[in-house]
Amino acid sequence: MASVTLEKNRKKRLEQGHPWVYAGEVASVEGEPQPGGLVEVLNHQGRFLATGYYNPASQIRVRIVSQGPLAAMDTGFFVERFTECLRHRERFLPGADAYRLVYGEADFLPGLIVDRFGEVLVVQLLTLGMDKQRAEIVEALVQVMAPHGIYERSDVSVRELEGLEQTTGVLYGECPRHVTVSENGLKLTVDIEEGQKTGYFFDQRENRASIAPLMLGWGGRSGIELQEMEGEDGQKMNLPVNKSGKVVTFPYWDGATVLECFAHTGSFTLHACKYGAKKVTCLDVSAHAIESAKTNVELNGFTDRVEFVVDDAFQYLRNQVKGLEERAERASAGSSEGAKKTDTAKPMTAGGGRTWDVVILDPPAFAKTKGAVAGAVRGYKDINLHGMKLVNEGGYLVTASCSYHMQPDLFLETIADAAKDAGKVLRLIEWRAAGKDHPQILGVNEGHYLKFAIFEVRSKR
């Protein structure tokens, strides 16, 4: 087998479990390694370190697949690895029929993503080494998972960095475009052909469930209280009663009002309704995404509690804040200063001014490269600043970032800056990362991409 010898003065990342060897770390290459083929990786003294696959066209020259000698990435190799992946998911997600089965480097299979949607698997082959093993990967998945179909969604730009074209299509069996699965007791219809990435984002599964405590306890704000009353059968029971003394028959009287921005398939909207939300505004700039969200809302019987908005989230949030500001100006029009500033005969220009008990912000990655961080900081500050201004006093801001280059400290610092400018005090209630089907290798910071936080929002006083 050909070998790659590393520079003496490189950082010892490989010895700490990192699976990448960069081109600048390679001192020499012995033999004639085939692009995508296996090579042994040696330190500067010639001592064996690991086995990985080689790509002379990539800045990541070698991706490690074994800490020991490995003759070939054959079907047997993938069967063993996939069996380990399945065992992990069955342990931590018992009974689940939808999850990330293979998570690249974190499952010791760099460049390979496999998502399970019931009886259908969706595969992404991101690197040359994995692309060359397509047949072995499919055969091993059939042996381990016995799916009805395997669909490829290798339509991602990162393949071009490996000298590969983007590609999609059926690899095995029958693959219906829309597949219905379950998550946290909810039904979801996923578009495996046209949905983002592989069709759905599993990494927020546990985070979506974590919003449950935010959804109840809001009825008192509108003057509704439980009172002991006697029913027609003479039995005493606690019933919700409004300020006028009338019994409230709406079953979700104690629920939160919720705004979900960047909704995609409406996953947070579904969970908000499941946990008792009174009314949810589900917003995405994509009409296709909102149609998917509508399908999922109808599938779960939540239609009467959800309104859908197709709009740019940044503009929508700004319009609502501007509407609040215009209302505040009108409210002060009776004072000597306010009368000079505001002509209440003029119509409001923004058309907004709504607020919610809970605002959820789950945007796509704003920083896909290190050079995009400055712009990402501005974007995250903008949406969080306007989002927290729209949270009712004592309500909650649920916010996330899936940009790896937006490091946790910087993300929190950006939100703190937004709170300062908004005149808000935030209390951190929960801080989370990706779910259990997205494990992280210690020392591989590239896998620590998802930040998820729940803040209580209060005005300064």
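The values are calculated or read from the model by the stated rules, or taken from the named source; none is laboratory data. All of these numbers come straight from a predicted model, not from anything done at the bench. FYI the Cβ positions are ideal-geometry reconstructions off the backbone, even for glycines, and counts take in every protein chain you see. We work out accessible area using only protein heavy atoms, side chains counted, and drop any ligands, DNA or RNA first. Shrake-Rupley method; radii C 1.70, N 1.55, O 1.52, S 1.80 Å.
What the table shows:
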{"read-out": "Peptides ranked, highest mean first, by Cβ atoms within 10 Å: ranges 437-444, 66-73", "value": "437-444, 66-73"}
{"read-out": "Segment 195-345: C-alpha gyration tensor shape, a/c 1.5 cut-off, then a/b vs b/c", "value": "oblate"}
{"read-out": "Fully extended contour minus Cα-Cα distance, from Ala209 to Val247, at 0.36 nm per residue", "value": "10.6 nm"}
{"read-out": "Antiparallel bridge percentage (DSSP; both residues within the chain; nearest 5)", "value": "70 percent"}
{"read-out": "Solvent exposure of segment 1-94 as accessible area per residue, Å², 1.4 Å probe", "value": "51 Å²"}
{"read-out": "Accessible area expressed per residue, segment 354-446, with surrounding protein chains retained (probe 1.4 Å, Å²)", "value": "43 Å²"}
{"read-out": "Amide hydrogen neighbours beyond the local backbone of Gly149, cut-off 5 Å, H modeled", "value": "Leu121, Glu174"}
{"read-out": "Whether segment 158-205 is rounded, prolate or oblate, judged on the alpha carbon gyration tensor where a/c under 1.5 counts as rounded", "value": "oblate"}
{"read-out": "Potential extension, Glu413-Glu90 segment - 0.36 nm per residue separation minus Cα distance", "value": "112.6 nm"}
{"read-out": "Environment charge at Pro35 (Cβ cut-off 13 Å; Lys +1, Arg +1, Asp -1, Glu -1)", "value": "0"}
{"read-out": "Accessible area (Å², per residue) of segment 227-302, counting only protein heavy atoms and a probe of 1.4 Å", "value": "48 Å²"}
{"read-out": "Whichever lysines have a C-alpha closer than 30 Å to that of Lys12, once near sequence neighbours (fewer than 8 apart) are set aside", "value": "Lys132, Lys368, Lys370, Lys436, Lys451"}
{"read-out": "Per-peptide average of other Cβ atoms within 10 Å, ordering 163-176, 192-205, 413-426 highest first", "value": "192-205, 413-426, 163-176"}
{"read-out": "For segment 113-126, 3J(HN,Hα) per residue [Karplus equation, 6.51 cos²θ - 1.76 cosθ + 1.60, θ = phi - 60°, Hz, x = Gly/Pro]", "value": "10, 9, 10, 9, 10, x, 8, 10, 10, 10, 10, 10, 9, 9"}
{"read-out": "Mean ellipticity per residue at 222 nm, deg cm²/dmol - from DSSP H runs of n ≥ 4 across the chain, formula -39500 (n - 2.57)", "value": "-8000 deg cm²/dmol"}
{"read-out": "Spin-label proximity, Ala146 to segment 116-130 - amide N less than 16 Å from point 7 Å beyond Cα toward beta carbon", "value": "118-121"}
{"read-out": "Cβ-Cβ FRET estimate between Glu80 and Gln16, R0 fixed at 25 Å, reported to 0.05", "value": "0.55"}
{"read-out": "Packing-based ranking, highest mean first, of 253-263, 78-88 given that Cβ atoms within 10 Å are counted", "value": "253-263, 78-88"}
{"read-out": "Heavy-atom accessible surface of the chain: percent carbon and sulfur, 1.4 Å", "value": "49 percent"}
{"read-out": "Residues in segment 38-54 that a label on Lys8 would reach, taking backbone N under 19 Å of a point 7 Å out along Cα→Cβ", "value": "42-49"}
{"read-out": "Calculated over the chain: convex hull of Cα atoms, volume per residue (Å³)", "value": "182 Å³"}
